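Inspection log for the structure reproduced underneath, given as C-alpha cells.
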Amino acid sequence: MTTNARLTRIKITNFKSYGPTTVEVPLRPITLLVGRNNSGKSSIIQALLLLKQTLEQPRGNEALVFHGTVPVPAGALADLTHGWPDADDHAGPTITIEWITPVDVQEALRAAGNPNQDEFASKSGISWVQQNPSKVVLNTSLELKFGAKNRRVYLEYAALTSRRIDGKKAVENPSLRVTPLDDGEHDIRWGGSKGLGKLVAEWDHFLPFVSVNRRHVGPRHSDRGRANGFLLLYDQPLAELKELLLGLAYLSSARPTPQPVYQPAGGELNDVGFAGERAAQVLHFRKSDAFHYLPPLTWDASDIPTVPTDVVEEDLDSAIRSIFKFLGVDANFSTKEIANIGFTVLFGRSSLFHVGRGISYLLPLVELSLLGDALAGEELGGPVSLDEYDRRTRRSRQIAVEEPESHLHPAVHGRLAHLLVSTAMSGRQWLVETHSDHMVRRLRRLAAAAPSGSPLETWLCSKVAIVEVTQSSGVSTVSASNLTASGDGSTSWPAEFMDQATREEDSIYLARLGKEPAGTDYDELQVEHRPHDEDDSF
C-alpha cells in the first residue's frame, strides 16, 4: 500500500480573527496562503502549531499548552479566542483536523484479542471487517472544542469520525464522541449511542483513547465490541496524527543575524528552529548525512516542464549546493572548526555574518526541504524511483513557512515554485504563507505548460491549492482555488494579488502615451529591453 499518512484539512471556528462561522482550509501537498497583511493567514498556521506545541509537553493532562517558549504564546485562552472575551468562563476555539492513514487491520485485530469477526462486526457496527482485509485506508477527523472556566482552559469534547476509502468510494464508520464530566468520568458515545458504563477514556492532552477492562467484560458485551472498534478505527490513526503534528516543521518570516562563531548545540537537529536559528548547526553537524529528494523541475528545449524520474541521494552539503545552484545562487558553503570555541560558517572565504541577508534567509528554507525527507540518514545506495521512495515512506511531513521569498530576488521566487513541486512529489507537504505573485504565477505557468493530460498536469491541478484569506470587520474568511490546465484558478481567484503586476505594466504603458518623447533631457538615455521571463534560461 503506497498511501502515506498525511494531513488533509483543518477547520477553524472562533479562533483569533476567525469568528463563529467555521472556515475550512485544504492541506494539499502544496497549499499557498495569500492575502493582505493582517488578514489572518498566520492564524491558520498557528492553529496547527498550537496542537503541536501541546503534544510536545511531557504532561499529558493539559488540554492546550500556550505558555513557555512556544511559537503560539498566550496569557489565557481568551487571547486565542475571537473577540477576546472578558469573562472568566467562556467558549473557546474549535479546531478540527482531518488526515488519511493506512491502517493495519490484522494488527488491530491482534490488539483486540482476535475476536470472532461476526461478533466484532455486530457489536462494533463495522461490517466490512467480515471481509478480512489486511490493510485499509481511513480518512479520519478529530473535532476539538475548547473553553475556559475560571480562566483555566478545558476540553469540552473530542469528536472522531471515520471513513474507509475504497477506490473512489467512501464508507462511513461509527463515530466516537468523548465528553469529560465534572466528576472526572466521561460521557462516551459510539455511533451516537451512549456506552453501557464499561468504557473508560484516557487522554494524551487532547487525544482520546478508549478502552475496556477485558477481565470484567465478556467477549459478547457491547462495550467490548465498541472498544475493539476503537482499536480498529481510531487507535492507529490517532498515533499517526500525533506523529504528523509532532513532525510539523515551522519557519517564521524572521531570521536572526548570522553569528561570526557558533557554539555547539544539542538536540537531534531535525529542524532549523522557528526562525532558522539552528540552520548553521544542521549544516555543520549533519553535512555528511544522507538525504533524498526529487530534483527541481526544469524546462526542456520547447519550454515544457520536465519532472526528474529518480529521487537522488546526496549528503546534506552536496544537496544544499545542488539546490542553491538550481535557484541561481552560488552556494560555496563550508564550516570551519575553531578549537575550544565552536565553529564558523563560511560562504566562500567570508563568514556568513558578512554576506547578504538573502543567503541566511534561504539556507534554512533549503534545509527544511531536505529535512522533510522521510528516509533522512538512511543510505539507499544511490537514486531510486519515485514509486520506490514512496513505497518506503510511512508518512508525509508538513512544513509550514511564512514568506519564503523574504530578501530574495524575484527570479528566485519563481524557481522556488519548482522546488516546492518536486519536494511535494517526494513526501513533503507545504503550507506556505506568501506575498510573492512570482511564485504563484510560476505554478500557473507550470500547469499551463504541462502537456495536456500528462501526469504533471494532473498533479498540479489536484495537489496545489491557492487559499485567499480576507478580513472584513475583524472577521477572516477563506476561499480556496485549484490550478487548472489553462493556468487559471478553478473557483475564486485572488485577482488583486494575482494581477497587480499586469495592471502596473498597463498603467505605465497608458501613462507614457501622453508624454512627448522629444525635446526633453531624457533623449540621450538608452534603455536596454529584455525579454519578459529571461530568468527562465536555466
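Things worth noting here:
- Matching residues in segment 420-442 - criterion: being hydrophobic (A, V, I, L, M, F, W, C) and at pLDDT 95 or above: Leu420, Val421, Ala424, Met425, Trp430, Leu431, Val432
- Some residue of segment 482-491 being of a type in the set (D, E, K, R) and either surrounded by 21 or more Cβ atoms within 10 Å (Cβ to Cβ) or at pLDDT 95 or above (or both): no
- Counting only strands (runs of 3 or more DSSP E) that sit wholly inside segment 1-105, those with at least 3 residues that are under 22 Å from Asp373 (Cα atoms) and either outside the structural domain of Leu386 (by TED's automatic domain parsing) or not small (Gly, Ala, Ser) (or both) are 6-13, 30-34, 90-104.
- Restricting attention to segment 328-357, the residues being at pLDDT below 85 and in a strand (DSSP E or B) number 4.
- Qualifying position, being among the polar types (S, T, N, Q) and either surrounded by fewer than 14 Cβ atoms within 10 Å (Cβ to Cβ) or under 30 Å from Asp271 (Cβ atoms) (or both), among Ser211, Ser222, Ser175, Ser193: Ser193
- Filter result for the condition that a residue is outside the structural domain of Phe15 (by TED's automatic domain parsing), surrounded by fewer than 24 Cβ atoms within 10 Å (Cβ to Cβ) and within 16 Å of the chain's Cα centre (by Cα), over Ser473, Ser422, Ser426, Ser479: Ser422
- Which listed residue, of Ser222, Ser322, is of a type in the set (S, T, N, Q) and within 26 Å of the chain's Cα centre (by Cα): Ser322
- Among the residues of segment 308-322, those that are surrounded by 20 or more Cβ atoms within 10 Å (Cβ to Cβ) and of a type in the set (A, V, I, L, M, F, W, C) comprise Val311, Leu316, Ala319, Ile320.
- Search result, residues across segment 271-294 that are assigned to a loop (DSSP other than H, G, I, E, B) and surrounded by 15 or more Cβ atoms within 10 Å (Cβ to Cβ): Asp271, Val272, Gly273, Phe274, Ala275, Gly276, Glu277, Arg278, Arg286, Lys287, Asp289, Leu294
- Residue match in segment 259-268 (condition: of a type in the set (Val, Ile, Thr) and in contact with a helix residue (DSSP H, G or I) (Cβ under 6 Å, 6 or more places away or on another chain)): no
- Of all residues in segment 67-88, those that are among the polar types (S, T, N, Q) have Cβ atoms under 7 Å from Cβ atoms of residues that are modelled with pLDDT of 90 or more and surrounded by 12 or more Cβ atoms within 10 Å (Cβ to Cβ), 6 or more apart or on another chain, in Thr81/Asn14; Thr81/His90; Thr81/Gly92; Thr81/Pro93.
- Note on segment 165-207: residues that are of a type in the set (Lys, Arg), assigned to a strand (DSSP E or B) and in contact (Cβ under 8 Å) with a residue 12 or more places away in the chain amount to 2.
The values are calculated or read from the model by the stated rules, or taken from the named source; none is laboratory data. From a predicted model like this one, the values you see are computed outputs, not experimental measurements. In this analysis, Cβ positions are derived from the backbone assuming ideal geometry, glycine residues included, and neighbour counts consider all displayed protein chains.
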